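Colleague: So that we are looking at the same thing, I have put the structure below in structure tokens.
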Amino acid sequence: MTTAITRLITKLRGESVGTDEFGNQYYQDRKAAPNGRRKRWVVYDGDDEASKVPPEWNAWLHYTIDDIPDGSRRRDWQKPHSPNLTGTPEAYRPAGHTLRGGKRASATGDYEAWTPE
């Protein structure tokens, strides 16, 4: 959730540079700082969750690349970005997890407990 101060700074100082496939909007300062850089930031679509930023936009935000991502830098071996689902109903829950009924497979007898001598 974007705070009021972020919305105000974005309106006063921000220049929109693009939007990713998740609806996140990316901005940079209209004017460069004394060091020549323009501050960059993202306004999330929905919950503020950094894992919702695709790799190419993350590289732009951290000044690894200067070109604004347009999807052309994607390699054919790259998988589509998927956000971190931990803490959501879509999170991975292995067999035996309490939210999946809590029933684990029975022991097979191939485990031998260690005992000190």
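The values are calculated or read from the model by the stated rules, or taken from the named source; none is laboratory data. Small disclaimer: the values here were computed from a predicted structure and weren't measured. Note: ideal-geometry Cβ built from the backbone for every residue, glycine included; neighbour counts use all protein chains shown.
Colleague: Please determine whether any residue of region 69-79 is of a type in the set (D, E, K, R) and under 16 Å from V17 (Cα atoms). Even if it seems obvious, please write down each step before you answer.
Modeller: Our first condition is that a residue be of a type in the set (D, E, K, R); within region 69-79, this holds for 70, 73-76, 79.
Still in the running and under 16 Å from V17 (Cα atoms): 70.
Yes, there is a match, as at least one residue in region 69-79 is of a type in the set (D, E, K, R) and under 16 Å from V17 (Cα atoms).
Colleague: While we're here: Is it the case that some residue within region 54-62 is part of a loop (DSSP other than H, G, I, E, B) and surrounded by fewer than 11 Cβ atoms within 10 Å (Cβ to Cβ)?
Modeller: Step one: of region 54-62, the residues part of a loop (DSSP other than H, G, I, E, B) are 54, 62.
Subset that is surrounded by fewer than 11 Cβ atoms within 10 Å (Cβ to Cβ): 62.
Among the residues of region 54-62, at least one is part of a loop (DSSP other than H, G, I, E, B) and surrounded by fewer than 11 Cβ atoms within 10 Å (Cβ to Cβ), which makes the answer yes.
Colleague: So if I check each of T64, T10, which one is closer than 22 Å to K79 by Cα and of a type outside the set (D, E, K, R)? Talk me through it step by step, then tell me what you get.
Modeller: Working: T10 fails: closer than 22 Å to K79 by Cα.
Going through T64, T10 in turn, just one is closer than 22 Å to K79 by Cα and of a type outside the set (D, E, K, R): T64.
Colleague: Quick one: in region 1-41, which of the residues that are β-branched (V, I, T) and not in a strand (DSSP E or B) is modelled with the highest pLDDT? Break it down into steps so the answer makes sense when it comes.
Modeller: In the first step, residues of region 1-41 are kept if they are β-branched (V, I, T); the result is 2-3, 5-6, 9-10, 17, 19.
Next, only the ones that are not in a strand (DSSP E or B) stay: 2-3, 5-6, 9-10.
Values: T2: 69, T3: 82, I5: 89, T6: 86, I9: 89, T10: 92.
Checked region 1-41; the qualifying residue modelled with the highest pLDDT is T10.
Colleague: Residue by residue through region 87-102, note down the ones that are at pLDDT below 80 and surrounded by fewer than 10 Cβ atoms within 10 Å (Cβ to Cβ).
Modeller: Within region 87-102, G102 is the sole residue that qualifies.
Colleague: Could you list, in sequence order, all residues of region 27-64 that are more than 11 Å from the chain's Cα centre (by Cα), farther than 16 Å from K11 by Cβ and of a type in the set (V, I, T)?
Modeller: Result: T64, single match.
Colleague: Additional query: Looking only at region 10-45, filter to residues that are surrounded by 12 or more Cβ atoms within 10 Å (Cβ to Cβ) and small (G, A, S); which one of those is nearest to P80 (Cα to Cα)?
Modeller: Looking at the filtered set, the residue picked out is G18.
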